[in-house]
1. Is it true that A:Pro79 is touching a residue at least 12 places away in the same chain (Cβ under 8 Å), in contact with a strand residue (DSSP E or B) (Cβ under 9 Å, 6 or more places away or on another chain) and farther than 16 Å from B:Gln51 by Cβ?
2. Could you please find all residues in region B:83-131 being surrounded by fewer than 20 Cβ atoms within 10 Å (Cβ to Cβ), within 14 Å of chain A (Cβ to nearest Cβ) and outside any loop (DSSP other than H, G, I, E, B)?
3. Can you tell me which residue in region D:68-80 is farthest from C:Ala29 (Cα to Cα), limited to those that are within 13 Å of chain C (Cβ to nearest Cβ) and in contact with a helix residue (DSSP H, G or I) (Cβ under 7 Å, 6 or more places away or on another chain)?
4. C:Thr63 is checked against (1) within 16 Å of the chain's Cα centre (by Cα); (2) modelled with pLDDT under 95 and fails just one. What number does that condition carry?
5. Look through region A:132-144, keep the residues that are under 25 Å from A:Leu56 (Cβ atoms) and among the polar types (S, T, N, Q), and return whichever of them is surrounded by the fewest Cβ atoms within 10 Å (Cβ to Cβ).
6. Take B:Ala134 and decide whether it is within 12 Å of chain A (Cβ to nearest Cβ), in a loop (DSSP other than H, G, I, E, B) and among the aliphatic types (A, V, I, L, M).
Number of protein chains: 4
Amino acid sequence: MSHQARNPSFAEEIKQSFAKQTIMELIGAELSRVEPGIIEISLPYRADLAQQHGYLHAGILTTIADSACGYAAYSLMPPNSEVLSVEFKVNLLRPAKGQTFVARAEVVKSGKTLTVVRADVFGVDEDGRRELVATMLGTMICLS
Amino acid sequence: MSHQARNPSFAEEIKQSFAKQTIMELIGAELSRVEPGIIEISLPYRADLAQQHGYLHAGILTTIADSACGYAAYSLMPPNSEVLSVEFKVNLLRPAKGQTFVARAEVVKSGKTLTVVRADVFGVDEDGRRELVATMLGTMICLS
Amino acid sequence: MSHQARNPSFAEEIKQSFAKQTIMELIGAELSRVEPGIIEISLPYRADLAQQHGYLHAGILTTIADSACGYAAYSLMPPNSEVLSVEFKVNLLRPAKGQTFVARAEVVKSGKTLTVVRADVFGVDEDGRRELVATMLGTMICLS
Amino acid sequence: MSHQARNPSFAEEIKQSFAKQTIMELIGAELSRVEPGIIEISLPYRADLAQQHGYLHAGILTTIADSACGYAAYSLMPPNSEVLSVEFKVNLLRPAKGQTFVARAEVVKSGKTLTVVRADVFGVDEDGRRELVATMLGTMICLS
């Protein structure tokens, strides 16, 4: 897929918006890739982000996947837009093990009002090996 | 709906498991109701749990809704079970405003392997008025 | 929940629209309840609507649940609206056995652009006993 | 992705099972591709499969996507398995226009009990041009 940005300052605006998402600082997530239609957010594992078995909690996976989807949608919207999540579905494929997690979102279909986005979340081990741990399919809305 | 527990110590086990979910301490969530088939988790709003507009991040709503669904499923499982989330879908209905948030999960269908659970997440204001901000429909699996 | 219609002729318009859904005639489905925010569609079982074990195919359950959701959303929209499905998720709870199937949709949250709707699909046996076989959570959009 | 079949007669069994899905004959759908982890089902447009605007009904799109997902999951299961749909979510991306529709399912993650599958549904016009009209993300269960 090839994506075309319509807002020349989308990357700068996404970085500014991400910086306002206080939850990202709390959990230690970073915006690691910003391109038209594609966003990645990275999150080092921390023991205080876990569920009962010590794996990353599904809700924290969802936190980075949802923001990645929202910004991927935003990156293709016209200037002066605002993006909100309408809904998402997450399939949890494996225990969320990893030294770092990367949520990679890519727009499936960008529309005037609604944008459909897919995100894959990978667990990355010490040797840089990636394993898909979850996948999201969601809908974002453009407010303007 | 009426739900029947098969594990006499389900409530104690859920409390112990919840205490091991380190993410709950980080965000300040508490288990506020534990009954067969019904679980509530409460979360006071904090400014460091927000998305770019200052509302609770959808992923944090999801964090409490997912754990509530998991424990609701667990509450109806036989002794010596383990529960994992298979998938969930969340519809975000309104901006997540509130002084406190309550995720209320209830089992829709409890099966030998899979349990389907629904959760509503409410924002509660200073005067105790509840407004539905999100709803989840998810699938949990019993490992034993 | 109490729902308020804003289009005085919603019921008539839903009946006319349903009559144009040629798939409903092919499978033998009927509109069996039309109220503000609540729609039911009924479908007698037929051997030519089945999956490999003779149960009603999940896609046919979805067909009646999706239309019930769409019309439930429409029933609360202003005059001169048009409704389309944005997305839906279906959990299949039991084998779809029954002499008749009833999809009952009810609006969860009606908005200016988007409406979230839930539908339960019941299998009804010869003695009128209902069993929940599937549940849908979906999003509908208002075009005008 | 590369997929490995464990049941040497999976293709034959899928064809036999598909032939038992009576709904496929009613709507005119055909199994057009059977490979390990990948299944396609094709459906020529017919005026009696439509919603109120004459487009293919979302439930019929879902019917072919769901069966494609189920058989894609089945193709990677061990001999003597049985497959059932647990849940699926469908995003409807564009009006379902086309002379023919093709649902292409591919396994995302194959597990002992659960398999996660994605399906894209394309509308194909007179000149063979494909447009993505819907995408499904679903969970299938292996019974044995």
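The values are calculated or read from the model by the stated rules, or taken from the named source; none is laboratory data. Computed from a predicted structure; not experimentally measured. Ideal geometry is used to build each Cβ from the backbone, glycine not excepted, and the neighbour counts take in all protein chains shown.
1. Considered against the rule, which asks whether it is touching a residue at least 12 places away in the same chain (Cβ under 8 Å), in contact with a strand residue (DSSP E or B) (Cβ under 9 Å, 6 or more places away or on another chain) and farther than 16 Å from B:Gln51 by Cβ, A:Pro79 comes out as no.
2. Of everything in region B:83-131, just one residue is surrounded by fewer than 20 Cβ atoms within 10 Å (Cβ to Cβ), within 14 Å of chain A (Cβ to nearest Cβ) and outside any loop (DSSP other than H, G, I, E, B), namely B:Leu84.
3. Of region D:68-80, the ones within 13 Å of chain C (Cβ to nearest Cβ) are D:68-71, D:74.
Checking the rest, the ones that are also in contact with a helix residue (DSSP H, G or I) (Cβ under 7 Å, 6 or more places away or on another chain) come to D:71, D:74.
Working: D:Tyr71: 27, D:Tyr74: 31 Å.
Among residues in region D:68-80 that are within 13 Å of chain C (Cβ to nearest Cβ) and in contact with a helix residue (DSSP H, G or I) (Cβ under 7 Å, 6 or more places away or on another chain), the one farthest from C:Ala29 (Cα to Cα) is D:Tyr74.
4. Result: C:Thr63 passes all but (2).
5. Quick first cut of region A:132-144, residues under 25 Å from A:Leu56 (Cβ atoms) only: A:132-140.
Retained after the next criterion (residues that are among the polar types (S, T, N, Q)): A:135, A:139.
On the way: A:Thr135: 21, A:Thr139: 26.
So, considering only residues that are under 25 Å from A:Leu56 (Cβ atoms) and among the polar types (S, T, N, Q), the one surrounded by the fewest Cβ atoms within 10 Å (Cβ to Cβ) is A:Thr135.
6. Details: within 12 Å of chain A (Cβ to nearest Cβ): yes; in a loop (DSSP other than H, G, I, E, B): no; among the aliphatic types (A, V, I, L, M): yes.
Criteria not met by B:Ala134.
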